[in-house]
Amino acid sequence: MGIVLYRVDERLIHGQVTVGWGHHLQPRRYLVVDDELPDSDWERELLQLGTPPGVEVEFFTVADARMEIPGWREAEEPSVLLTRDLDHMSRLAEGGTLSGEEVNLGGIHYRPGRTEVLSYLFLDAADRDRVRALGADGVTVSAQDLPRSPKAHAGRLLG
């Protein structure tokens, strides 16, 4: 099964991910890719509190995750890979590492400089450039907050 969902969501592990997507996809582990989290015990512990019993959570830097991607893609157990922003996901995908995969944009919320694309998705110019970079690296980008919600494709996100 390998990685069943690649998702960008500022909150990382929370109800939409563990209940909404988790119920639908039944992952056995969450792979959190973030350059700061591997060194933050309290943040890792806090995120692990939100996972169902029996589901693993592992934390990786972008550099470490890039080396692990081939094995994760071939693994028997289903996994969800999460980053908190488009910067981490686009660096993970550089050079075709995620070519052929689809990245789901979930909760990217308002902050100054970002404009609303969808009710749960706000992007600035740098974010849009990262969406384009993902596409250039062979990644399909879409936005969908929950599995049964309509999916918005990259053209709508950039338009």
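Scoring V19 on the criteria (1) buried (at least 16 other Cβ atoms within 10 Å of the Cβ); (2) more than 14 Å from the chain's Cα centre (by Cα); (3) within 21 Å of L121 (Cβ to Cβ) leaves a single failure, condition (1). Just one of (1) in a helix (DSSP H, G or I); (2) on the phi > 0 side of the Ramachandran plot fails for R73. It is (2). Of the strands (runs of 3 or more DSSP E) lying entirely inside segment 91-159, those containing at least 1 residues that are in contact (Cβ under 8 Å) with a residue 12 or more places away in the chain and within 13 Å of the chain's Cα centre (by Cα) span 102-105, 140-143.
For segment 94-113, the candidate set comprises residues that are acidic (D, E) and under 25 Å from P150 (Cβ atoms); within that set, the residue that is surrounded by the most Cβ atoms within 10 Å (Cβ to Cβ) is E101.
The sole residue among V32, V80 that is in a strand (DSSP E or B), in contact with a Lys or Arg (Cβ under 7 Å, 6 or more places away or on another chain) and closer than 25 Å to G138 by Cβ is V80. Look at (1) over 19 Å from V139 (Cα atoms); (2) touching a Ser or Thr at 6+ places or on another chain (Cβ under 9 Å); (3) surrounded by 15 or more Cβ atoms within 10 Å (Cβ to Cβ) and you find that I69 fails only one, number (1).
Laboratory data are not the source of any read-out in this text; all were calculated from the coordinates shown. These numbers were taken from a predicted model, which means no experiment stands behind them. Cβ atoms come from the backbone with ideal geometry, glycine included; neighbour counts cover every protein chain shown.
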